[in-house]
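To start, the structure under review is shown below, and the notes come after it.
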Amino acid sequence: MSFAKQLHAGYSRRIFNIDKKKTEDFIDSLFRFIFFLEYNGCADFSQIESRLDSFKVQFEEILRSAGDGAKMDSSLFFDTFPTVYKALEDDARYIFENDPAAQSVEEVKFSYPGFFAIAVYRLAHELVRHGVQLIPRIWTEYAHSKTGIDIHPGAEIGKNFFIDHGTGIVIGETTVIGNNVKLYQGVTLGALSVTKELQNKKRHPTIEDNVVIYANASILGGQTVIGKDSLIGGNVWITESVASNSVVFHKGLVTVRNKLPVNEPINFII
């Protein structure tokens, strides 16, 4: 079989007739529109209505191409939009109030990768709630590629979520996160083991309200619960539950000494 025939056979066997780039462009354009990030944005009310109608038409087309239109229609998604949007406005405000480097809520919306990843997640999660599967994964993996933040759209995340810096964060499918939670870069909320047999099991941890998790902490396992108001320090590895109001930290050994004399050799033993 020639390579061209092999490709033709592959296209013929496709389950979904979806355009990946069009699906990614949709969520990117929608984000920029709803958070006022476009240059010379909509100047009058009728223009805003027209743009929203255009997004509804585009989304209906994407739903149909993914084969998910029978589970949800464009109107339902946009009817639930005000609730999701309010949650995102609260996220942006919470980030501003908790990050001393942020000068305004508008700056958060314009430039924070954590906010973009959260926004895409919340919109994608709304689709998951209504039985749509492929489009949410495309959206969140697109956000992952742009920000380095990997949030599965199936995760459950409460109000006022703050991701600072964000690069390298992983939040697994069955993770449950409460309200007022802060994560720093490199945090993994993952599974203890990855096998197909665990597909319908809770594999990822639960993080209760008001928890702060610092850089490069790994919290693993579906039965692992981090109690409310706890502080998890950087570089810790947790596979068992932690009680409320706990402080967990990794105690390492750091040695500080003066520079070596100029002629003293430096020998590394690895």
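Values in this text are rule-based calculations from the coordinates and carry no lab data. On a predicted model such as this, the values are computed, not experimentally measured, just so you know. Because the Cβ atoms are built from the backbone with ideal geometry, glycine has one as well, and the counts that use them run over all protein chains shown.
Would you mind computing, in nm to one decimal, how far apart the modelled labels at Tyr85 and Asn245 are, each placed 7 Å from Cα along Cα→Cβ?
4.2
Using the Karplus curve 6.51 cos²θ - 1.76 cosθ + 1.60 with θ = phi - 60°, what ³J(HN,Hα) values do you get for each residue of segment 181-186, in whole Hz, with x for Gly and Pro?
Using θ = phi - 60°, the values come out as 9, 10, 10, 10, 4, x Hz.
Counting only residues 5 or more places away or on other chains, whose amide H sits under 5 Å from the amide H of Ile157 once H atoms are built in the peptide plane?
Ile177
What percentages, rounded to whole numbers, describe P(r) for the chain computed over all alpha carbon pairs with 5 Å bin width beginning at zero?
Reading upward from the zero bin: 1, 5, 11, 14, 15, 14, 12, 9, 7, 5, 3, 2, 1, 1, 0, 0.
Would you mind checking the tilt of helix 45-66 against the longest principal axis of the Cα atoms of the chain, expressed as 0 to 90 degrees and rounded to 10?
The angle comes out near 80 degrees.
Could you give each residue of segment 219-229 its phi-based ³J(HN,Hα) in whole Hz, using Karplus coefficients 6.51, -1.76, 1.60 with θ = phi - 60°, and x for Gly or Pro?
10, 10, x, x, 9, 7, 10, 9, x, 4, 6
Please report, largest first and rounded to whole Å, the three semi-axes of the ellipsoid equivalent to segment 56-140, where each semi-axis is the square root of five times an eigenvalue of the C-alpha gyration tensor.
Working from the Cα gyration tensor, I get semi-axes of 29, 12, 10 Å.
Hey, what angle do you get for helix 20-34 against the long axis of the chain, alpha-carbon based, 0 to 90 degrees rounded to 10?
Roughly 80 degrees between the two axes.
First obtain the Kirkwood hydrodynamic radius of segment 1-125 from its Cα pairs, then insert it into the Stokes-Einstein equation at 20 °C and 1.002 mPa s, and state the resulting D in µm² per second as a whole number.
After rounding, the answer is 127 µm²/s.
Based on the Cβ-Cβ distance from Val254 to Ser104, what FRET efficiency comes out when R0 is 45 Å, to the nearest 0.05?
0.75
Work out how much length Leu52 to Phe3 would gain on full extension: take 0.36 nm times their residue separation and subtract the Cα-Cα distance, in nm to one decimal.
Taking Leu52 through Phe3 to full extension adds about 13.4 nm, to one decimal.
Quick one: helix 134-147 against the long Cα principal axis of the chain, what's the angle to the nearest 10°, folded into 0 to 90?
50
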